[in-house]
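Notes follow the structure.
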Amino acid sequence: MTTTRPRGARLMAFLNDRWPPAPNLAGAAALVVSLSFAAQAAAGAAALVLGVRELCAFLLAAGTSLLMRAYDELKDVDTDRRLAASGDESFRSRPIATGAIQQGDLVLVKNLALGVFVVGALGVAAAASFPGWTALGCAAVFGAVWLSSRWFFWPRIQGDLLLAFLTHNPIAGLVGAALIAALSRGAVEPLVLAALIASSWFPISAWEVSRKLRAPADETAYETYSKRLGVRGAAALLFGSVTASLAALVVLGLATHVSDIYLAIASAAAGLVMVGALRYAWRPSTRSARLRPYAELFALVATAGLPVALGIAHGVRLEALG
């Protein structure tokens, strides 16, 4: 089935369904401000600064996110249509399956995302305190994302969710490292640097795993982590991702003198996911497999809550232009 709607309407249909602008743009902003504030506080800044480099880093983060989504959608065109035709409810309403968008629309989204990425990369390279490292980081991110668009289509990886996770998920850590290089206004200790990267990486890992869990009775031809690793293996992967995320937040909290209240809230949010993972492992069901909302709550606390807590603890000022 094809659609005769204007391309603009088709693009909005894709974005609203597969990359909702409001939460994704807010998430990119939260990630950037979180890394910037934590890096500044760990380096001993008296007051935390928001400036041009944060704006450019936001474009870089948002562009990378949308670019990877477009590549992922292009990779899954045939698979989505096949699973929708098989009756899988998770795929029947997807825009590419209903005909709300065309494959050419996905190519346009990819090109637009690439443009946003390039503008952001040029901006952060120009504004950064460490321009050489920043340019290298942006080049590494682009290289990894471009390569992923090629190995996405390698049948061995395309057909194995675990291999896809192991080869693609580290890109989140690479993006975090590039953003840190762009945002840092002073040197930070190696342990803090590792915690910064982990804080941007493992919440995404937890979210990725949480959205592909099902009870054994609910499995279909669609490959999930629970189907690939078994219920307990998938629950352990989710549990481990959240544990690593929380450990990173604790290290950052101690290094930046953030409020104990924030660390308690982050621990409680992580605990919800951990308890949910254990419950799912012990008694898998349609209900216990629905851990994505808890993972998203933890990611919200980890990325959006941290800069708020740091801003309260240290104060914030806007950086003058020019």
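Values as computed for the structure displayed
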| read-out | value |
| --- | --- |
| Residue satisfying condition, being in contact (Cβ under 8 Å) with a residue 60 or more places away in the chain, crowded, with 23+ Cβ neighbours inside 10 Å and assigned by TED's automatic domain parsing to the domain that holds residue 263, within set 210, 205, 241 | 210 |
| Tally of residues being surrounded by fewer than 17 Cβ atoms within 10 Å (Cβ to Cβ) and at pLDDT 90 or above across the stretch 133-168 | 4 |
| Qualifying positions in the stretch 277-286 - surrounded by fewer than 12 Cβ atoms within 10 Å (Cβ to Cβ) and in contact (Cβ under 8 Å) with a residue 12 or more places away in the chain | 286 |
| Scope the stretch 8-39; condition in contact (Cβ under 8 Å) with a residue 40 or more places away in the chain, closer than 30 Å to residue 254 by Cβ and either buried (at least 17 other Cβ atoms within 10 Å of the Cβ) or of a type in the set (Lys, Arg) (or both); matching residues | 27, 30, 31, 32, 33, 34, 35, 36, 37, 38, 39 |
| Pair list, Cβ < 8 Å and 6+ apart or interchain, from the stretch 262-276 residues that are farther than 18 Å from residue 307 by Cα to residues that are polar (S, T, N, Q) and surrounded by fewer than 19 Cβ atoms within 10 Å (Cβ to Cβ) | 274/243 |
| Criterion violated by residue 291 - all others in (1) more than 18 Å from residue 31 (Cα to Cα); (2) touching a strand residue (DSSP E or B) at 6+ places or on another chain (Cβ under 9 Å); (3) crowded, with 17+ Cβ neighbours inside 10 Å satisfied | (2) |
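So that you can scan it fast, the table gives a plain yes or no per residue for (1) in contact (Cβ under 8 Å) with a residue 24 or more places away in the chain; (2) under 16 Å from the mean Cα position of the chain (by Cα):
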residue: 130; (1), (2): yes, no
residue: 150; (1), (2): no, no
residue: 165; (1), (2): yes, yes
residue: 175; (1), (2): yes, yes
residue: 182; (1), (2): yes, no
residue: 187; (1), (2): yes, no
residue: 190; (1), (2): no, no
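The values are calculated or read from the model by the stated rules, or taken from the named source; none is laboratory data. Predicted, not measured: the structure shown is a model, and the values here were computed from it. Please note: Cβ atoms are built from the backbone with ideal geometry, for glycine as well, and neighbour counts cover all protein chains shown.
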